[in-house]
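J.: Here it is: the structure, laid out below.
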Amino acid sequence: MIKMANKNSKGFKYGAAAILTAVIVIIIAVVVNLIVIKLDIQWDLTTNKIFSLNKTSVDFVKKLNKEVTIYGLYDNTKAEVGDQNAILNELLKQYQNASDKIIVKYVDPDKDPAIISKLDPEKTKQIAKGDILVSCGKKLDVIPANSITYSQSTQYGQDTSLMVENYLTTAIKRVSNEKTPTVYYTTGHNESIFVDEFNQIKVAVEAGGYYTKALNLQTEPKVPDDCETIFIMAPKSDLSNDEGKKIQDYLDRGGKIFFAFDPVIPNQNMPVFDKVLAEYNLSLNYDKVKEGDDSRYVSGDPNNLLVALESNAIFGEIPAGQFALNMPNSRSINILKAKKEALEIVSLARTSEKAVGMQVDQSKGKDINGPLDLVVAAEYSGGTQDSRILVWGNAAMFNDKLLTQNTYQILAVCMSWLIQNKDDMGIPPKSLNFETINISETNANITAIILIGAVPLLIFGLGTFVWLRRRHL
């Protein structure tokens, strides 16, 4: 004979309460899961937020009033968790979620070889598999697959950063704008080849939303009107008087110039460059800097300087040791004592007092005692428009072979000050290096046994104990 439970007994009440609680928990879990699935709610728990868009990107794409299409030239279905394509898939999804003007398409050139010719019929973009393309109307921007991440060797190993968000948001800005400003680099003075030796700078400038073009002032009647700034990188010969006048006219119209000079060879003069710089109370020293403080140069090479940027009006307060630069074979910049109204000069980096500027040509005078200025910024606000120049006593440090992450970041800050473009993206890279916990195989096995076996058994045992206790109440 089956004995019915007394509805008023404590056991029945506890059992009913437990069942009701379980049902409620299950219902809540189901409802929450349905809401999460329906709204596609996700949480980015990575330290560097590599699966999330920077606020700058979100704010910009939300304001788009034109349709922009992003093409991923790879098979997005083969992306594995943690690899580059998987990260790209998630970032592109975030762009779509941020704006209904963003359309994302994936095309594998192996399956559809005609897509490259269709998107670039003139074959001027050098498109390849793995690239990201951004299109709006007739404008097309290409983000090469090899620039999506940036790696450099450090004393702790390989440091890899994700660069693609800055490039993507900048490309969206560039193709959706009616006009795109241009940054020019000079030729004709035996400068280092910009697109070959300083390609990373070219990429960084273009990531800021600008086109880059060569400028030969020997043939051009003037600096073009669409010029946002000029790069003059490691010239080995002087400007002509006519070129100097064109440069000065450009600066008088509110121009901006980035100068980078390496030490010169003996008997080499640059009086026209000095004449241009003199308008900002600056001149070139014809020296090669040798550091006397052994804590401020690479061991064994006093000409390979280690320089920490100083707090200043451009960068603000800089904590000690931050933004340290490696400057091999530098020359110093002379700040003239003359005063000029509406002219502000800021030294961004200098040597120690123990440094010496060794004259390359002894006929120019004695060696120069430190401290020596290595990087100087100047702004003149007395004209119809403000003009700015940055003068570096080193161009080699910007070479692709020597460019460090610190130098890259400083370059971005310098460009932001030099051009002062309010629309400049300036989205910092995100490190793809994660901290890991290393444990032995034995400890890994013990951990697995505890998590997979012991913990579930413990929970089951506690549940059984509680059930038996309640059954006899």
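J.: So which residues in segment 20-76 are modelled with pLDDT of 65 or more, over 19 Å from MET163 (Cα atoms) and in a loop (DSSP other than H, G, I, E, B), if there are any at all?
T.: LYS63, LEU64, ASN65, LYS66, GLU67, ASP75
J.: Consider segment 77-118. How many of its residues are of a type in the set (S, T, N, Q) and buried (at least 17 other Cβ atoms within 10 Å of the Cβ)? Give the steps one after another, and end with the answer.
T.: Taking segment 77-118 first, the residues of a type in the set (S, T, N, Q) are 77, 84-85, 89, 94, 96-97, 99, 117.
Narrowing the set further to residues that are buried (at least 17 other Cβ atoms within 10 Å of the Cβ) leaves 84-85, 89, 94, 99.
Counting residues in segment 77-118 that are of a type in the set (S, T, N, Q) and buried (at least 17 other Cβ atoms within 10 Å of the Cβ) gives 5.
J.: Regarding segment 92-110, can at least one residue be identified that is closer than 28 Å to LYS62 by Cα, assigned to a strand (DSSP E or B), among the small types (Gly, Ala, Ser) and under 24 Å from the mean Cα position of the chain (by Cα)? Steps first, answer last, please.
T.: First pass over segment 92-110, keeping only residues closer than 28 Å to LYS62 by Cα: 92-107.
Among the residues that remain, those that are also assigned to a strand (DSSP E or B) are: 102-106.
Pick out the ones that are also among the small types (Gly, Ala, Ser) and you get none.
No - not one qualifying residue is present in segment 92-110.
J.: Also, quick follow-up: Please find, among ALA355, ALA412, ALA338, ALA342, the residue that is of a type in the set (Gly, Ala, Ser), surrounded by 14 or more Cβ atoms within 10 Å (Cβ to Cβ) and modelled with pLDDT of 80 or more.
T.: Details: ALA412 fails: modelled with pLDDT of 80 or more; ALA338 fails: surrounded by 14 or more Cβ atoms within 10 Å (Cβ to Cβ); ALA342 fails: surrounded by 14 or more Cβ atoms within 10 Å (Cβ to Cβ).
That would be ALA355, the only listed residue that is of a type in the set (Gly, Ala, Ser), surrounded by 14 or more Cβ atoms within 10 Å (Cβ to Cβ) and modelled with pLDDT of 80 or more.
J.: Next up: Out of the residues in segment 358-369 that are in a helix (DSSP H, G or I) and either polar (S, T, N, Q) or buried (at least 17 other Cβ atoms within 10 Å of the Cβ) (or both), state the one that is nearest to the chain's Cα centre (by Cα). Step through it out loud before you land on a result.
T.: Our first condition is that a residue be in a helix (DSSP H, G or I); within segment 358-369, this holds for 362-364.
Filter once more, keeping what is either polar (S, T, N, Q) or buried (at least 17 other Cβ atoms within 10 Å of the Cβ) (or both): 362-363.
Numbers: GLN362: 42, SER363: 44 Å.
Ranking the qualifying residues of segment 358-369, first place goes to GLN362.
J.: GLN200 passes all but one of (1) farther than 22 Å from ALA86 by Cα; (2) modelled with pLDDT of 80 or more; (3) not in a strand (DSSP E or B); which number fails?
T.: (2)
Okay, residues lined up against (1) under 25 Å from GLN359 (Cβ atoms); (2) within 26 Å of the chain's Cα centre (by Cα); (3) modelled with pLDDT under 90:
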{"site": "ALA260", "(1), (2), (3)": "yes, yes, no"}
{"site": "VAL264", "(1), (2), (3)": "yes, no, yes"}
{"site": "LYS288", "(1), (2), (3)": "yes, no, no"}
{"site": "ASP293", "(1), (2), (3)": "yes, no, no"}
{"site": "GLN322", "(1), (2), (3)": "no, yes, yes"}
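J.: On the basis of being within 26 Å of ILE132 (Cα to Cα) and either touching a strand residue (DSSP E or B) at 6+ places or on another chain (Cβ under 7 Å) or crowded, with 19+ Cβ neighbours inside 10 Å (or both), does THR212 make the cut? Outline the logic, then answer.
T.: Numbers: within 26 Å of ILE132 (Cα to Cα): yes; either touching a strand residue (DSSP E or B) at 6+ places or on another chain (Cβ under 7 Å) or crowded, with 19+ Cβ neighbours inside 10 Å (or both): yes.
Against the criterion (within 26 Å of ILE132 (Cα to Cα) and either touching a strand residue (DSSP E or B) at 6+ places or on another chain (Cβ under 7 Å) or crowded, with 19+ Cβ neighbours inside 10 Å (or both)), THR212 qualifies.
J.: Out of the residues in segment 218-272 that are aliphatic (A, V, I, L, M) and part of a loop (DSSP other than H, G, I, E, B), state the one that is surrounded by the fewest Cβ atoms within 10 Å (Cβ to Cβ). Talk me through it step by step, then tell me what you get.
T.: Taking segment 218-272 as the starting set, the residues that turn out to be aliphatic (A, V, I, L, M) are 223, 230, 232-234, 239, 247, 251, 257, 260, 264-265, 270, 272.
From what's left, part of a loop (DSSP other than H, G, I, E, B): 223, 234, 239, 264-265, 270.
Details: VAL223: 20, ALA234: 22, LEU239: 23, VAL264: 19, ILE265: 10, MET270: 20.
This residue is ILE265.
The values are calculated or read from the model by the stated rules, or taken from the named source; none is laboratory data. Every value quoted in this text rests on a predicted model; they were computed, and no experiment measured them. We place every Cβ from the backbone using ideal geometry, glycine too, and count neighbours over all the protein chains shown.
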